[in-house]
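Read-outs: derived from the displayed coordinates by stated rules, not from any lab. The model shown is predicted, which means the values in this text are computed figures rather than measured ones. Reconstructed Cβ throughout: ideal geometry from the backbone, glycine too, with neighbour counts over all protein chains shown.
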Amino acid sequence: MKDSIYIFYSLKSRWLNCMLSVFLTAFGVAMAILITQFSNNIQNRLTNDGRGIDIVIGAKGSPLQIVLSSIYHVDIPTGNVPLNTVGKFINHPQVKLAIPLALGDSWRGNRIVGTTKEYLDHYEAEIANGRYWESEYEVVVGSLVNLKINAEFVGSHGLYDGGKEHQEHKYKVVGVMHPTGSVLDRLILTDLNSVLEMHDHEKVDLNNFSNIKSNDGYSKNPKAEEHEEHMHDQHEEHEEHDQHEHEEHDHDEPHYDKIKSKKNINKSGFSEITALLLITKTPIANINLPLKINKETSLQAANPAKEITRLTSILGLGSKTLGILSMVLICFAILSIFSGLAANLENRMGDLAILRAIGYSKNRVFKIICIEGFSIVLVGLMVGIILSILIFDLLISTFGLSNTIQFELIFSTHLIYIVGIVLFAGLLASLFPAYTYSKISVANQLTKNI
């Protein structure tokens with residue numbers, strides 16, 4: 001009890017130096033914890049969202065953009081591809097499963113994804129309330145989507161808020177999924193034909209989806225496709241001109257028939273999807289198939305593992321830099337504790353000599369000095385942990401990271417390492433001054449004070 005009172009007043013007598021040491025320790029600890037939390041969350045999200053997807057096929061563009069938009073749903077797709085041009089890869093000998101995705105609409109920031117039920121099966125999603133969709137414009141929502149069973153809503157054009165609403169069709173929620181810890185938790189999933197019809201594309205026979213013919217799309221030359229598209233555009237312009245003349249000569253045509261005829265003009269005869277997710281049978285197919293698709297077709301095939309490795313290497317460089325900075329701050333804090341103890345002990349030599357004279361042993365004096373330094377580190381560590389939690393919660397609530405990337409506090413081994421390193425460093429900073437000044441000569445020091 002007497003020792004704790006002595007330690008308290010000793011620290012109080014140099015409170016400014018102690019506060020500086022606590023602040024530096026807390027700031028370094030908080031930064032180190034925040035860096036590990038964000039790194040762990042991003043790594044877990046990348047792993048969970050992309051698990052099992054070997055190849056993504058989409059329109060020509062950035063392969064990383066295709067992966068981010070189709071697997072992680074955090075970017076804008078590079079465009080649509082005719083379903084008949086990717087038909088050959090649906091039942092390719094090296095492909096175990098093909099999952100189509102049709103994007104383009106959203107509801108309050110949650111993307112509406114037209115797909116097949118294999119998409120849910122791949123992530124082992126289960127229905128918590130309701131059922132799976134059975135017809136068009138019925139949807140199943142993820143656990144983070146703020147919609148309940150039997151709720152009706154209209155989708156907005158575009159993948160972000162502010163797009164034009166599709167008032168002609170309403171979606172109805174028929175099922176809510178259990179949390180999966182994957183990208184499905186923040187998506188609105190519906191029948192593929194729901195999105196295709198919403199955007200005036202031909203429907204697909206989903207019961208016979210795996211047997212869709214490719215129309216020789218695998219070997220088609222990009223220039224030939226460009227010429228065919230140009231001819232198709234001219235044909236559409238000609239039809240639109242004829243339709244315009246027809247409408248001028250028939251002002252009594254019902255408005256519904258006009259809309260219907262206009263929709264038929266927009267139909268190209270083939271459906272378009274945004275991307276095709278492939279699960280292959282062998283690891284070698286993950287390398288060879290994308291190379292062949294990119295070389296011999298006008299499609300873009302991306303390997304998610306390769307692109308995410310490239311992305312994490314970029315992010316890892318920044319996190320390592322911040323990690324080094326946090327370690328430097330912690331080192332400064334430890335040095336501050338060391339210098340504070342050493343400098344203060346010079347002024348306390350007389351007090352320590354008196355303690356020895358009234359019966360305090362060398363070990364007891366050693367313990368008192370160690371506890372003083374360790375107390376500063378412990379307080380700084382606790383403040384740093386609390387500060388990191390508050391900042392983490394503030395950041396995810398301010399930027400909405402809990403809904404978009406599903407950030408959450410993760411108590412991992414990294415946190416244990418940080419606590420252990422800080423405590424050990426604080427103990428080392430206290431040992432040298434404690435050992436040095438526990439060995440003082442009582443007689444010499446008291447003689448100097450007379």
Between the modelled labels at E134 and V154 (7 Å from Cα along Cα→Cβ) the distance in nm is 2.8
Using θ = phi - 60° and the Karplus form 6.51 cos²θ - 1.76 cosθ + 1.60, what ³J(HN,Hα) does each residue of region 366-377 get, whole Hz, x for Gly and Pro?
4, 5, 4, 5, 5, 5, 4, x, 5, 5, 4, 5
Of all DSSP beta bridges with both partners in region 84-176, the antiparallel percent, nearest 5, is 75
For V113, residues with placed amide H under 5 Å, excluding near neighbours
I188, L189, T190
Quick one: net charge around I149, please, counting Lys, Arg +1 and Asp, Glu -1 for every other residue with C-beta under 14 Å from its C-beta.
+1
Within a 10 angstrom radius of the beta carbon, how do I57, I5, I386, I368 rank from fewest other beta carbons to most?
I5, I386, I368, I57
Whether region 80-198 is rounded, prolate or oblate, judged on the alpha carbon gyration tensor where a/c under 1.5 counts as rounded
oblate
The FRET efficiency for L20 and N91, from their Cβ-Cβ distance with R0 = 56 Å and rounded to 0.05, is 0.20
Explain nothing, just compute: Karplus ³J(HN,Hα) = 6.51 cos²θ - 1.76 cosθ + 1.60, θ = phi - 60°, for every residue of region 9-17 in order, whole Hz, x for Gly and Pro.
6, 5, 5, 5, 5, 10, 5, 5, 5
For an R0 of 51 angstrom, estimate the FRET efficiency from the Cβ-Cβ distance between V74 and R364 and round to the nearest 0.05.
0.25
Prolate/oblate/rounded label for region 46-98 (Cα gyration tensor, a/c 1.5):
oblate
